[in-house]
Amino acid sequence: MIDTGREPLGLGIDLGTSGLRLAVLDRSGTVLAERSSDYPGSFEDPLGWRQGVITLCAALPDDLRDRVAAVAVDGTSGTVLACSANGDPCGSALPYFLACPEQAQAATELAGSTASPAASASGSLARVLRLFASSSGERFVVRHQADWLSGWLLGDWRFGEEGNNLRLGWDLGQRRWQGAIAEQPWSGALPEVVASGALLGPLSPAASNALGLPAHCQVVAGSTDANAAVLAADPQPGDGVTVLGTTLVLKQWSKTPLAGPGISSHRVAGRWLVGGASNAGAGVLRQFFSDALLVELSRQIDPRSSSGLTLRPLPRPGERFPVDDPNLAPILEPRPISDALYLQGLLEGLAQIEAQGWATLQRLGAEPIQRVISLGGGARNPQWRLIRQRILGVPVLNRPHCTGAAGMARLALTAACPP
C-alpha cells in the first residue's frame, strides 16, 4: 500500500547518452530536486548504470526520498545486453550507435518487412543476433538498458517496455513480435512486453535498501530517453520536439503510426509519438571544442548569415536517421582557420540534418510542423537556436530544463497515484 498520509512524489531515472539524471516531482509538476552525473564507468557497463543511480539517489534529501511513491526509468533506445535470468550481465552492453551490418539481411528477413524499425543494421535485432552469433552456447536473456535497470528495481527481469523494444521487432499495433522473431530457437530470451506506464510491482528489498526508498514504492514501466524528454515538454498539436543531446532526436504527435527504416512510432498516453534519432548531435562538437570554448565561440557567430560550409557532422561512419546507412561517412572538412566559422558550419550541418529529418517524417505521413521545441543541453545555445530557425523556417523555442528524468517522474506518479 502507498502511504497517502503525505503528498506522494514521483522519481524519474534517466539513463541518457551522456550521463545519468534523477528528478523528484510532485503532483503539480514541480521538480523538487534533480541530480546528475557522468556514468561512473564506461557507457557499456551495466553495473555502472546501477551504481550511478545508487550514488545519485543517496544525494537526494531524506525527506523527499521518504515520500517517493513510484519510480520509472528511461534509457537509450537500442542499447541492449545479454544477462542471466536473475540479471547478472554477460559482459558489456552493445550501445545504441553500434551498427552490425553483417546481421542486416538476417534482421530484415526475421522482421518480415523492410519498413520495420528492426530491419536495419542499426536496430536492436541486429545487435541481438550478433550476441547470439558470438555466444558459446550459454543460455541468457536479452534486455534493453531501461528494462535491465527496471528489472533490478523489481528484482525481476521478465519485463520489457514496449517502446524500448520496437527496434527489437515488437509490433505495437498487433502487440506481438513481428515476422518470424517469436519462432526462433532463442525467442525465450525475449522479454514479456508491457505498456509504458504499466505498474510492475513494488521495489525489491535489495533495491529499496540500496536507494533508501520506501518498500511500498511502485516500479512503473518507463520509456526511451527521447520519449521521456518529450513528456516533460508537454508538446501541443503542430509542435515538433528536438532533443539536442549527444545525438539529435526528433519527435512529434501523429494521428497514425509511421513506418520506415530508422523511424519509431511509440504509443504514449494513448497517442502516437513518431520520430527518429540521428547519430549526429552535440556530441560531435566535443571532438573539437571544450564546453567553455563552445560558449565563447558561439558568441562570435552571426546566425543570420551562412558560413558557406557544407558539413555532415557525424561522430563516426554510420547513420540511422534521416537516412539509414551504416556506411555513411562524416564530412568534417574543410576546416577554416577561424574556429568560430568552423563551429558555425558544424551547427548548420546539424540543422540541415534536422531539416531533412522533419521532411522525412512529413513524407511518410506526419503533419508539417508549425513550431519546434528544443530540449537537451544544446537548447542552452541561443545562436544555434537562431541558425536552426533560419534553416528550418519555423519558430524555434528553447526549453533546456525539460529533462527526461522529469518526464519519467511525471509518468511514474500519474501511473501509481492517479488524480
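Between THR310 and ARG271, the distance separating the two model label sites (each 7 Å from Cα on the Cα→Cβ line) works out to 3.8 nm. Karplus-based coupling profile of segment 234-250, in residue order and whole Hz: 6, x, 9, x, x, 8, x, 10, 10, 9, 9, x, 3, 10, 9, 10, 10, with θ = phi - 60° in 6.51 cos²θ - 1.76 cosθ + 1.60 and x standing for Gly or Pro.
For the chain, modelled as a GNM whose springs connect Cα atoms under 10 angstrom apart, the maximal fluctuation among THR224, THR247, THR114 occurs at THR114. How much mean residue ellipticity at 222 nm does the chain get from its helices, if each DSSP H run of length 4 or more adds -39500 (n - 2.57) and you divide by all residues, to the nearest 500 deg cm²/dmol? One gets -8500 deg cm²/dmol as the mean residue ellipticity at 222 nm.
Our coupling estimate for segment 295-310, obtained by passing each phi through the Karplus curve with A = 6.51, B = -1.76, C = 1.60 and θ = phi - 60°, is 5, 5, 5, 4, 5, 8, 8, 9, x, 6, 10, 8, 6, x, 8, 10 Hz, Gly and Pro reported as x.
Less than 5 angstrom separates the built amide H of ASP325 from those of GLU319, ARG320, all sequence-distant by 5 or more or on a different chain. Ordering THR247, ALA340, PRO235 by Cα displacement along the dipole of segment 233-360 toward the positive end leaves PRO235 in first place; charges were set at the Cβ atoms of Lys, Arg (+1) and Asp, Glu (-1). Close amide H partners of VAL194, meaning residues 5 or more places away or on another chain with modelled amide H under 5 Å apart, are GLY160, GLU161, GLU162. Cα centroid separation, segment 124-145 to segment 377-417: 34 Å.
The shape of segment 309-388 comes out oblate: with a ≥ b ≥ c from the C-alpha gyration tensor, a/c is at least 1.5 while a/b does not beat b/c.
Which of ASN165, ASN398, ASN327 moves the most in a Gaussian network model of the chain with Cα springs under 10 Å? The residue that fluctuates most here is ASN327. Note on the chain: with charges restricted to the Cβ of Lys and Arg (+1) and Asp and Glu (-1), its dipole about the Cα centre is near 760 debye. Phi angles of segment 112-119 translate, via the Karplus equation with coefficients 6.51, -1.76, 1.60 and θ = phi - 60°, into HN-Hα couplings of x, 7, 5, 7, 6, x, 7, 8 Hz per residue; Gly and Pro are given as x. If only the Cβ of Lys and Arg carry +1 and only the Cβ of Asp and Glu carry -1, the dipole of segment 106-189 around its Cα centre is close to 100 debye. Of all DSSP bridge pairs formed entirely within the chain, close to 65 percent run antiparallel.
In the chain, the portion of solvent-accessible area held by carbon and sulfur atoms comes to 51 percent [1.4 Å probe, whole percent, DNA, RNA and ligands not counted]. Counting only protein chain heavy atoms and rolling a 1.4 Å probe, the accessible areas of ASP74, ASP339, ASP234 rank, largest first, as ASP234, ASP339, ASP74.
The values are calculated or read from the model by the stated rules, or taken from the named source; none is laboratory data. As the structure is a computational prediction, the values presented were derived from the model and not from experiment. Note: ideal-geometry Cβ built from the backbone for every residue, glycine included; neighbour counts use all protein chains shown. When the accessible area is computed, the model is the full protein with side chains, heavy atoms only, and any ligands, DNA or RNA have been set aside. Shrake-Rupley method; radii C 1.70, N 1.55, O 1.52, S 1.80 Å.
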